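Written out below as structure tokens is the structure these notes cover.
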Amino acid sequence: MRKMPQVLIVEDEPAIAELIAINLRHHGFAPVCAEDGPSACKALEDSVPDLILLDWMLPGGSSGLELARQWRSQPRTKQVPILMLTARGDEPDKIAGLDAGADDYITKPFSVQELLARIRAVLRRRAPLSVGEVLKVGDLQLDGATHQVSYQGEALKLGPMEFKLLSHFLHHPERVHSRSQLLDQVWGDAVYIEERTVDVHVKRLRRALGAAGAMVQTVRGTGYRLSANLQ
Ligand code: CA
């Protein structure tokens with residue numbers, strides 16, 4: 001039997017947390033609730049969920065943004081997708097959330113259907129790489145068995161979204177991908193995600209690749225490509 005996906009809900013408003021939990025349970029998920037940062041961290045010590053729903057505004061000093069950043073930096077939690085719940089609609093805040101390591105965000109108030117669609121999309125995006133597959137372009141290499149990315153033999157650290165993006169680029173080297181193609185093929189469900197999100201993650205990928213960042217090229221007016229030929 002397939003295990004029910006566990007979702008950690010980090011939300012300080014009991015009514016919202018309960019509403020989300022009831023709906024998730026009803027749709028085949030196993031929700032766990034935490035009302036603040038410390039109890040969320042404690043829940044993560046007990047068990048690593050398949051996804052974290054993280055409220056932006058939390059009591060007690062630690063904002064959702066700081067928690068996202070913290071969890072992204074820890075080996076135990078760095079691969080767990082994070083969906084931010086935010087009451088803010090401002091573009092800079094959304095970008096800040098994605099920069100802190102969130103996979104996506106959803107703005108309150110949201111419908112249950114929209115939330116479920118986003119959760120499923122985020123989970124789908126974690127499509128596994130074939131075990132043992134090694135992808136290589138130039139000196140840039142991704143090992144599907146160890147999930148290790150390296151450039152000229154030196155290991156690099158990538159966030160989960162950047163890893164997926166790079167994996168896609170490495171599967172199709174030298175090919176130009178438009179933003180909407182990347183949304184379709186890497187994010188998996190382009191309905192709720194803005195094309196700007198692609199630019200944010202490409203920027204983060206370049207930064208994470210260091211010297212190899214120049215291999216991820218912008219093709220003006222079209223999109224992006226991974227190339228072994230540095231111009
Ligand atoms: Ca809150």
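The values are calculated or read from the model by the stated rules, or taken from the named source; none is laboratory data. As the structure is a prediction and not an experimental result, all values here were calculated from the model. As a convention, Cβ positions derive from the backbone with ideal geometry for all residues, glycine included, and neighbour counts pool all protein chains shown. Note: accessible area is taken over every heavy atom of the protein model, side chains too, but ligands, DNA and RNA are not part of it. Shrake-Rupley method; radii C 1.70, N 1.55, O 1.52, S 1.80 Å.
Is it true that Ala155 is outside the structural domain of Leu98 (by TED's automatic domain parsing), outside any loop (DSSP other than H, G, I, E, B), of a type in the set (Gly, Ala, Ser) and open to solvent by 50 Å² or more (accessible area, probe 1.4 Å)? Spelling it out, Ala155 is indeed outside the structural domain of Leu98 (by TED's automatic domain parsing), outside any loop (DSSP other than H, G, I, E, B), of a type in the set (Gly, Ala, Ser) and open to solvent by 50 Å² or more (accessible area, probe 1.4 Å). In summary, Ser150 fulfils each of the numbered conditions (1) open to solvent by 50 Å² or more (accessible area, probe 1.4 Å); (2) without any contact (Cβ under 8 Å) to a residue 12 or more places away in the chain with the single exception of condition (1).
Residues are listed down the side, and each one gets a yes or a no for (1) in contact with a helix residue (DSSP H, G or I) (Cβ under 6 Å, 6 or more places away or on another chain); (2) open to solvent by less than 30 Å² (accessible area, probe 1.4 Å):
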| residue | (1), (2) |
| --- | --- |
| Met161 | yes, yes |
| Val186 | yes, yes |
| Thr197 | no, yes |
| Gly210 | no, no |
| Gly213 | yes, yes |
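Only a single criterion out of (1) modelled with pLDDT of 90 or more; (2) within 17 Å of Gln79 (Cβ to Cβ) is not satisfied by Glu13, namely (2). Once region 1-26 is narrowed to residues that are assigned to a loop (DSSP other than H, G, I, E, B) and over 22 Å from the mean Cα position of the chain (by Cα), the residue that is surrounded by the most Cβ atoms within 10 Å (Cβ to Cβ) is Asp12. Leu24 - would you say it is closer than 21 Å to Thr86 by Cβ, within 14 Å of the ligand (Cβ to nearest atom) and among the aliphatic types (A, V, I, L, M)? Spelling it out, it is not the case that Leu24 is closer than 21 Å to Thr86 by Cβ, within 14 Å of the ligand (Cβ to nearest atom) and among the aliphatic types (A, V, I, L, M).
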